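So the structure is just underneath, and the comments pick up after that.
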Amino acid sequence: MINPNEYGSLLFDEKEKEYLSNVIDTRRIFRYSKTQYPYTSMCEEKIKNLVGSNYCLMTTNGTSSLKSAFIGANVKKGDRVLISSYTFLATALAAIAIGAIPIPIEVDLDYGVNIEDLKNEIKLGCKTLVVVHFQGRTFDLSEVKRICKKNGVILIEDACQAFGAKFKDKYAGTFGEIGVYSFQQFKQITCGEGGCVVTNNELIFNRMRNYTDMGSTRNRFPSWDSDEALFGENNRMNNLCAAVLYAQLEKLDKIISKQRKSRENIMKKISNINNILTSKDSSGDTGMNIIIILNDKKFKEEVINIGKENDIEFRNMWASLYYDNELFKKYKLTSKDLKNKECSYTRELIDKMLVVSIPPILNSDDEVKIANLIQIINNKGYLS
Ligand SMILES: Cc1ncc(COP(=O)(O)O)c(C=O)c1O
């Protein structure tokens, strides 16, 4: 495929190897070892400085970061947690793993979640909302934030798919109380598996750190007698993953500018087409894709096949709403059981949306091929 769904990994080079060798040479993989190369802490410093947060904690992946975020937000067993209906299963699984109930809330492509739905759900009682920035894009969260603040609801941003994306110069993940990122293979930058959480709140940070480090407080380790101790897990990142990620962080600007440039070049060639998803501040997108909205779901299969024949991937983001999975039905966690709305707008998006990845390795011929194919699909009447 000309446009695989991969980004930072495509630019692995001598830097990742050099930093990995440093860790191997010093034999200090555990993040809290005394070492000349504490890459895990170095990543935390770099991410904190980049996004402008007081605290950052590296973890094993986005899912464990979400669990820590819920613990940081003091979510308890049986609490209702509002979760954007347009997301990957992992967001809801993290809530279920800590005993909370994931309540789907209708997505809004400008404001993150549907404002009316949010107000209604808050009336029914909830203390936490998770907005999901997807595919290197952000939302205007000002109204959502205002409503959350007024009602004492903690706003968590699942920015697993949007590391490096900004809305009006502010990073996705820094609008609410807690931001969550993933560095899994198919994310903007990667170390195979990895994640982190950011916050400005010291108490929230301490809870997340303790939860991720078996519930205790490292500077007095082991001290499960302390008031701060929790029944935690071990979700710490190690220095091998962090070494790779540190090299990737150094390349973030280069990766994002390359994607943005390629996307701009393609967009110029398809400016006649309407059904391309925009965001409220497209200049802040990481440029990792172009998202097309088909006129009808019946064209999806054919468009994917036309793409395959031309070595261009048109990717189906998610096959279904997360709560439509059988497991959710079995445990009565579907929208209907939870007396929620049907989230019909999300359902429509899932049916009609296709993602054309823009990895940071496209040359001008590739860009022309992608633009031409989108034109062909448009000429068939599938887009406008
Ligand atoms: C929106 C969203 N949330 C959470 C996750 C979970 O991240 P991880 O795979 O690092 O656990 C993903 C990963 O695909 C994701 O896309």
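The values are calculated or read from the model by the stated rules, or taken from the named source; none is laboratory data. Please read these numbers as outputs of a predicted model, since none were measured by experiment. Here the Cβ positions follow ideal geometry from the backbone for every residue, glycine too, while neighbour counts run over all protein chains shown.
Is there any pair with a first residue in the range 333-344 that is touching a residue at least 24 places away in the same chain (Cβ under 8 Å) and a second that is of a type in the set (Phe, Trp, Tyr) and crowded, with 19+ Cβ neighbours inside 10 Å whose Cβ atoms are under 7 Å apart and which are 6 or more apart or on different chains, and what are they?
Leu333/Tyr323; Ser335/Tyr323
Just need a number here: residues in the range 43-70 that are part of a helix (DSSP H, G or I) and within 16 Å of the ligand (Cβ to nearest atom).
Of all residues in the range 43-70, those part of a helix (DSSP H, G or I) come to 43-51, 62-70.
With the extra rule that they be within 16 Å of the ligand (Cβ to nearest atom), the set shrinks to 43, 47, 62-70.
Total meeting the criteria: 11.
When you check Thr40 against the structure, is it buried (at least 24 other Cβ atoms within 10 Å of the Cβ), touching a residue at least 40 places away in the same chain (Cβ under 8 Å) and within 10 Å of the ligand (Cβ to nearest atom), yes or no?
Taking the combined requirement at face value, the residue does not satisfy it.
How many of the residues making up the range 173-187 are assigned to a loop (DSSP other than H, G, I, E, B), more than 11 Å from the ligand (Cβ to nearest atom) and touching a residue at least 60 places away in the same chain (Cβ under 8 Å)?
Filtering the range 173-187 down to residues assigned to a loop (DSSP other than H, G, I, E, B) leaves 173-177, 183-187.
So of that shortlist, the ones also more than 11 Å from the ligand (Cβ to nearest atom) come out as 173-177.
With touching a residue at least 60 places away in the same chain (Cβ under 8 Å) added as a condition, the list becomes 173-174, 177.
Residues meeting the conditions: 3.
Look through Gly307, Gly381, Gly284 and report the one residue that is over 27 Å from the mean Cα position of the chain (by Cα) and small (Gly, Ala, Ser). If you could, list the steps in order and put the result at the bottom.
Values: Gly307 fails: over 27 Å from the mean Cα position of the chain (by Cα); Gly284 fails: over 27 Å from the mean Cα position of the chain (by Cα).
The conditions single out Gly381.
Taking the range 71-99, which residues are under 17 Å from Ile204 (Cα atoms) and among the polar types (S, T, N, Q)?
Asn74
Could you go through the range 345-355 and let me know if any residue there is buried (at least 18 other Cβ atoms within 10 Å of the Cβ) and more than 30 Å from Asn120 (Cβ to Cβ).
Yes, the range 345-355 has at least one match.
Just the residues that are among the charged types (D, E, K, R) and either more than 30 Å from Asp365 (Cβ to Cβ) or assigned to a loop (DSSP other than H, G, I, E, B) (or both), please, taken from the range 1-32. Before the answer, list the steps.
Start the filter on the range 1-32 by keeping residues that are among the charged types (D, E, K, R), which leaves 6, 13-18, 25, 27-28, 31.
Residues satisfying the conditions are Glu6, Asp13, Glu18, Asp25, Arg27, Arg28, Arg31.
So, Ala92, is that one more than 18 Å from Thr278 (Cα to Cα), within 12 Å of the ligand (Cβ to nearest atom) and crowded, with 18+ Cβ neighbours inside 10 Å or not?
Details: more than 18 Å from Thr278 (Cα to Cα): yes; within 12 Å of the ligand (Cβ to nearest atom): yes; crowded, with 18+ Cβ neighbours inside 10 Å: yes.
So Ala92 fits the description; yes.
Need the failing condition index for Asn239 against (1) closer than 30 Å to Thr26 by Cβ; (2) surrounded by fewer than 22 Cβ atoms within 10 Å (Cβ to Cβ); (3) of a type in the set (S, T, N, Q), just the number.
Of everything listed in (1) closer than 30 Å to Thr26 by Cβ; (2) surrounded by fewer than 22 Cβ atoms within 10 Å (Cβ to Cβ); (3) of a type in the set (S, T, N, Q), Asn239 misses just condition (2).
Quick test for you: out of Lys76, Lys119, pick the one residue that is in contact with a helix residue (DSSP H, G or I) (Cβ under 8 Å, 6 or more places away or on another chain) and either crowded, with 18+ Cβ neighbours inside 10 Å or touching a residue at least 12 places away in the same chain (Cβ under 8 Å) (or both).
Lys119
I need the full set of residues from the range 333-369 which are more than 25 Å from Thr286 (Cβ to Cβ) and over 22 Å from the mean Cα position of the chain (by Cα), in order please.
Residues satisfying the conditions are Leu333, Thr334, Ser335, Lys336, Asp337, Leu338, Lys339, Asn340, Lys341, Glu342, Ser344.
Of all residues in the range 190-234 being more than 21 Å from Ser53 (Cα to Cα) and within 16 Å of the ligand (Cβ to nearest atom), which is surrounded by the most Cβ atoms within 10 Å (Cβ to Cβ)?
Cys191
Tell me the residue from Ser64, Ser68, Ser21, Ser33 that is among the small types (Gly, Ala, Ser), touching a helix residue (DSSP H, G or I) at 6+ places or on another chain (Cβ under 8 Å), assigned by TED's automatic domain parsing to the domain that holds Cys160 and over 29 Å from Lys127 (Cα atoms), please. I'd like the intermediate steps shown before the answer.
On the way: Ser64 fails: over 29 Å from Lys127 (Cα atoms); Ser68 fails: over 29 Å from Lys127 (Cα atoms); Ser21 fails: touching a helix residue (DSSP H, G or I) at 6+ places or on another chain (Cβ under 8 Å).
One residue alone meets the criteria, Ser33.
Quick one: in the range 133-172, which of the residues that are within 15 Å of Ile83 (Cβ to Cβ) and of a type in the set (Val, Ile, Thr) is nearest to the ligand (Cβ to nearest atom)?
Ile156
Looking only at the range 273-322, which residues are on the phi > 0 side of the Ramachandran plot and surrounded by fewer than 16 Cβ atoms within 10 Å (Cβ to Cβ)?
Once the filter is applied, which keeps residues that are on the phi > 0 side of the Ramachandran plot and surrounded by fewer than 16 Cβ atoms within 10 Å (Cβ to Cβ), the range 273-322 yields only Asp311.
Go through Ser85, Ser9, Ser53 for me and flag whichever is within 26 Å of Leu321 (Cβ to Cβ) and either crowded, with 17+ Cβ neighbours inside 10 Å or modelled with pLDDT under 95 (or both). Show your work before the answer.
On the way: Ser9 fails: within 26 Å of Leu321 (Cβ to Cβ); Ser53 fails: within 26 Å of Leu321 (Cβ to Cβ).
Exactly one residue qualifies, and that residue is Ser85.
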